[in-house]
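What follows is a short report on a single structure.
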Amino acid sequence: QKEVEQNSGPLSVPEGAIASLNCTYSDRGSQSFFWYRQYSGKSPELIMFIYSNGDKEDGRFTAQLNKASQYVSLLIRDSQPSDSATYLCAVRMVRFGAGTRLTVKP
Amino acid sequence: EAGVAQSPRYKIIEKRQSVAFWCNPISGHATLYWYQQILGQGPKLLIQFQNNGVVDDSQLPKDRFSAERLKGVDSTLKIQPAKLEDSAVYLCASSPPTGTDQETQYFGPGTRLLVL
């Protein structure tokens, strides 16, 4: 079992829709969870992190954490074509999933 | 504030040759990370330094990879000898000291390695 698992996609949503990205992890003792965005040919950049169960909102982004289910998700509201990228989930900041490729179609 | 610097940006070598990458973290950042990102995969942590001490090198293939961070600032990552499967982007990242914005790491532009 991989330490961090993500659906590789690609996930395609129309402009203005909500994109939902999911991630599961195997280490029940993990305490910190991160979402990064990576444009093609570029380095990852941090979108947000979450430590506590529940939701955390930052602009159009909402991270959701459920430690009992070992599940973390990222919602992107009002998706824009500029959101098209690969989204990486990371546990304890340094253990990354393979990423989900998101395409937002105009 | 200057970001994480890496060089070279691109490198092409033949298998069995050696190669070295250099990283200069953001000034004042105590923690430095080296990642390997193979196409289509997420970054894989190779080694994490806290100042000039190693925190985690559990995924570093020590038979061919080595890394050092002398004086707790710059770092070099070396591969000797290289294999075809080492073709990847090597990312360096750094994060601030504990007690500050510690849960954020800043990535450099990466070094793209192609092994022929």
Residues meeting the amide H criterion for residue B:5 (H placed from the backbone, H to H distance under 5 Å, 5 or more places apart or on another chain) are B:24
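What total accessible area, in Å², is buried where chains A and B meet, using a 1.4 Å probe and rounding to the nearest 100? All intermediate terms of the calculation are to be shown ahead of the outcome.
Details: alone 5740 and 6470 Å², together 10830 Å².
Chains A and B together bury roughly 1400 Å² of accessible area.
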Using θ = phi - 60° and the Karplus curve 6.51 cos²θ - 1.76 cosθ + 1.60, what whole-Hz ³J(HN,Hα) does each residue of the stretch B:79-88 get, with Gly and Pro shown as x?
10, 7, x, 7, 10, 4, 6, 7, 4, 5
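Considering only protein heavy atoms and a 1.4 Å probe, what is the carbon-and-sulfur percentage of the accessible area of the protein assembly as shown?
Working: 5290 of 10830 Å².
Accessible surface attributable to carbon and sulfur in the protein assembly as shown totals 49 percent.
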So which GluC sites (Glu not before Pro) in the stretch A:10-78 pass both tests, a DSSP loop state and at most 16 other Cβ atoms within 10 Å of the Cβ?
A:15
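What accessible area per residue comes out for the protein assembly as shown, rounded to a whole number of Å², with a 1.4 Å probe? Walk me through the numbers on the way to the answer.
On the way: 10830 Å² over 222 residues.
For the protein assembly as shown, the per-residue accessible area is 49 Å².
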Hey, can you grab everything whose amide H is under 5 Å from the amide H of residue A:33? Only 5+ residues off in sequence or another chain; H modelled, so Pro and N-termini drop out.
A:50, A:92
Considering amide H positions built from the backbone, and no H for Pro or chain starts, which residues 5 or more places from residue B:17, or on another chain, come under 5 Å of its amide H?
B:82
In chain A, the trypsin sites (Lys or Arg not before Pro) that fall in loop regions by DSSP, at most 12 other Cβ within 10 Å:
A:2, A:28
Could you name every residue in the stretch A:61-106 that has 50 Å² or more less accessible surface in the full protein assembly than in its own chain alone (probe 1.4 Å, ligands and nucleic acids excluded)?
A:93, A:94, A:95, A:96
Looking only at A:21, A:11, A:46, which one moves most when chain A is put into a Gaussian network model with springs between Cα atoms under 10 Å?
A:46
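Relative contact order (percent) for chain A, with alpha-carbon contacts under 8 angstrom and 6 or more residues of separation? It would help to have the intermediate numbers written out before the result.
On the way: 267 pairs, mean separation 41.5, N = 106.
After rounding, I find 39 percent.
Name the shape class, rounded, prolate or oblate, that the alpha-carbon gyration tensor gives for the protein assembly as shown, where a ≥ b ≥ c are the square roots of its eigenvalues, rounded holds for a/c under 1.5, and otherwise prolate holds if a/b is larger than b/c and oblate otherwise. Could the numbers behind the result be given before it?
Values: a/c = 1.83, a/b = 1.49, b/c = 1.23.
Since a/c reaches 1.5 and a/b is larger than b/c, the shape of the protein assembly as shown is classed as prolate.
Go through the stretch B:6-55 and name the trypsin sites (Lys or Arg not before Pro) that are in a DSSP coil and have 15 or fewer other Cβ atoms within 10 Å of their Cβ. Write out the running numbers ahead of the final one.
Details: sites: B:9, B:11, B:15, B:16, B:44; in loops: B:9, B:15, B:16.
Qualifying residues, ordered by number: B:9, B:15, B:16.
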With a 10 Å cut-off between alpha carbons and a GNM built on chain A, which of A:79, A:43, A:12 moves the most?
A:43
Do any residues of the stretch B:16-44 show a loss of at least 20 square angstrom of accessible area between the isolated chain and the full protein assembly, using a 1.4 Å probe, and if so which?
B:33, B:35, B:37, B:42, B:43
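The values are calculated or read from the model by the stated rules, or taken from the named source; none is laboratory data. Just so it is clear, the model here is predicted, and its values are computed rather than measured. Cβ coordinates were reconstructed from backbone atoms using ideal geometry, including for glycine residues, and neighbour counts include every protein chain displayed. Surface areas here come from the heavy atoms of the whole protein model, side chains and all, with no ligands, DNA or RNA. Shrake-Rupley method; radii C 1.70, N 1.55, O 1.52, S 1.80 Å.
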